[in-house]
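The next block holds one structure in the form of structure tokens; read it before the comments.
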Amino acid sequence: MLTVLGGILVCLSTTLIGVYLGGAGGRRSKELLELKKSLILLKSQIDFAAYTLPQAFAHIAERATAPLDGFYRKLAEAPDSWEVEAVKLKGNFHKDDLGNLALLGASLGQSDSCVQINSINMVIATIDETLGELAAKNIKETKMYRSLGVVSGLLITIALL
């Protein structure tokens, strides 16, 4: 009886690990969508509302979700600290996404609003490309990790019996 219960627990745990690993790409997509939304807000604040960067960052901080709300709140206080604040997002975003964000920070506040808008558009286009790649990759990986979790649990259970 204990052997059967142990086998069920092993199968359940490996299946849950497979489900968790299969959802990792979906989490990155969600983070990128939130970043894209905040950049679209930034673009509209600069272009249409004609806010200064600290004002635009303050307005975005009110609408953004964590961890981006804190990022923009800090930038509203010190707009020159873009790179420092972007590094603090390291645990929440992929390194490639942070690289794009750092490149954007280098161009914001250094030139006129048209160049800033073009820089934001370029980062948004990069995010769109990444989201397209992730969508195809996520479908394959989700199926693979879930199946691998179930099969590995069954193999371990059979080996233990």
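Worth pointing out:
- Residues of type lysines that LYS36 reaches as a straight line, Cα spacing below 26 Å, ignoring anything fewer than 8 places off in the same chain: LYS74, LYS88, LYS90, LYS95, LYS137, LYS140
- Solvent-accessible heavy-atom area per residue, rounded to whole Å², over the range 55-108 at 1.4 Å: 54
- Dipole axis of the range 40-161 (+1 Lys, Arg; -1 Asp, Glu on Cβ), positive-most option in ALA106, LEU68, LEU53: LEU68
- Segment ARG73..ASP96, full-extension length gain: 6.0 nm, with 0.36 nm per residue of separation and the alpha-carbon distance subtracted.
- With all protein chains in place and a 1.4 Å probe, the accessible surface of the range 1-94 carries 64 percent carbon and sulfur.
- Probe 1.4 Å, protein heavy atoms only - accessible area per residue of the range 112-161 in square angstrom: 66
- Across the alpha-carbon set of the range 3-81, the Rg to Rh ratio works out to 1.36, Rh being the Kirkwood radius.
- C-alpha center-to-center spacing [the range 87-127, the range 29-85] in angstrom: 11
- Net charge contributed by nearby residues that have their C-beta within less than 9 Å of THR130 (K/R +1, D/E -1): -4
- Using R0 = 25 Å, the C-beta based FRET efficiency linking LEU2 and LEU155 works out to 0.80.
- For a label point 7 Å along the Cα-to-beta-carbon line of TYR20, residues of the range 140-155 with backbone N under 18 Å: 142-154
The values are calculated or read from the model by the stated rules, or taken from the named source; none is laboratory data. Please read these numbers as outputs of a predicted model, since none were measured by experiment. Positions of Cβ are backbone-derived with ideal geometry, glycine not excepted, and every protein chain shown enters the neighbour counts. In case anyone asks, the SASA skips ligands and DNA or RNA and just uses the protein heavy atoms, side chains included. Shrake-Rupley method; radii C 1.70, N 1.55, O 1.52, S 1.80 Å.
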